[in-house]
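Chemist: Quick one: the structure is below, and I'll ask about it shortly.
The values are calculated or read from the model by the stated rules, or taken from the named source; none is laboratory data. This is a predicted model, so every value here is computed, not measured. As a convention, Cβ positions derive from the backbone with ideal geometry for all residues, glycine included, and neighbour counts pool all protein chains shown.
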Amino acid sequence: MINIDRFLADEQDPKAVEKVAGKLNDLLTSGEEILYLAVQKKPAVNLLPDSIAISNKRIFYCEPGNLGLTMNFKDISWKNIKEVSFKEGLLGSKFICVPQSGENIVTDFIPKVQVRKLHQAANEQLEQYKEMLRQQKLEENRASASSFNIPAATPVIDLPIEEAIVIPETIAIESNAQDEIEQKLIKLKTLYDKQLITREEYEHKKAAILDSM
């Protein structure tokens with residue numbers, strides 16, 4: 001149950017605070033608490049004043065309806081609020097809430113001392129929410145950085161320029177020479193098998209080819 005005594009220190013209307021607090025008690029979620037409550041003080045008739053309540057999760061706008069028999073509530077969470085401000089006047093002050101999208105929400109005739117504390121409470125909660133978002137972003141960046149593995153670099157073998165050039169060419173020349181000799185021997189054997197050359201010619205040419213290696 002909401003203790004209304006702490007919301008009467010700045011000349012809030014006791015009846016309005018009691019009625020609003022009783023309704024708000026049923027709207028609060030787990031871990032949510034009312035931090036400040038301000039009540040309109042209209043210059044003429046102040047029978048049905050609007051109220052604004054600040055919680056650690058949102059701003060409540062409380063408007064009496066049906067000649068005070070009912071109470072209409074609207075709320076806006078901190079994630080949907082861009083900024084809050086106030087403007088003092090001779091007959092009271094305006095509390096201004098600037099949402100992330102849509103029109104500004106303006107409440108008139110809030111007593112000066114109340115609008116200042118209302119603004120302070122709202123600003124503190126808004127800054128805390130923004131700080132929470134910053135911390136979450138930092139944690140996400142740290143998690144992303146730790147899960148990003150840089151692949152190991154391929155080892156580089158330093159070779160003299162001469163070796164880097166000569167070795168591949170030598171291997172290529174030797175390979176081509178062996179292929180050429182092998183082809184000559186195959187052709188020579190084919191000629192012999194077809195009896196196009198004699199045994200002596202075959203042996204003589206074979207020896208010559210092998211000597212050229």
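Chemist: Consider only pairs whose beta carbons are under 7 Å apart and that are at least six residues apart or on different chains; among these, list those whose first residue lies in region 39-62 and is in the same structural domain as Met132 (by TED's automatic domain parsing) and whose second residue is modelled with pLDDT of 90 or more and basic (Lys, Arg).
Modeler: Within 7 Å, the pairs are Pro49/Lys41; Tyr61/Lys74.
Chemist: In region 126-184, which residues are among the polar types (S, T, N, Q) and at pLDDT below 60? Outline the logic, then answer.
Modeler: So in region 126-184, the residues among the polar types (S, T, N, Q) come out as 128, 135-136, 141, 144, 146-147, 149, 154, 170, 175-176, 178, 183.
Once the filter is applied, which keeps residues that are among the polar types (S, T, N, Q) and at pLDDT below 60, region 126-184 yields Asn149, Thr154, Thr170.
Chemist: Being surrounded by 11 or more Cβ atoms within 10 Å (Cβ to Cβ) and either touching a residue at least 12 places away in the same chain (Cβ under 8 Å) or among the hydroxyl-bearing types (Ser, Thr, Tyr) (or both) is the filter here, so list the residues in region 191-209 that pass it.
Modeler: Taking region 191-209 as the starting set, the residues that turn out to be surrounded by 11 or more Cβ atoms within 10 Å (Cβ to Cβ) are 191-192, 197, 201-206, 208-209.
Residues satisfying the conditions are Tyr192, Tyr202, Lys205, Lys206, Ile209.
Chemist: If you check every pair at least six apart or on different chains, which have Cβ atoms under 6 Å apart with a residue in region 13-25 that is assigned by TED's automatic domain parsing to the domain that holds Pro43 and surrounded by fewer than 17 Cβ atoms within 10 Å (Cβ to Cβ) first and a residue that is in a loop (DSSP other than H, G, I, E, B) and acidic (Asp, Glu) second?
Modeler: none
Chemist: Sticking with this one: Using the structure shown, decide if Gln120 is in a helix (DSSP H, G or I) and modelled with pLDDT of 95 or more.
Modeler: Yes; evaluated as a whole, the condition is true for this residue.
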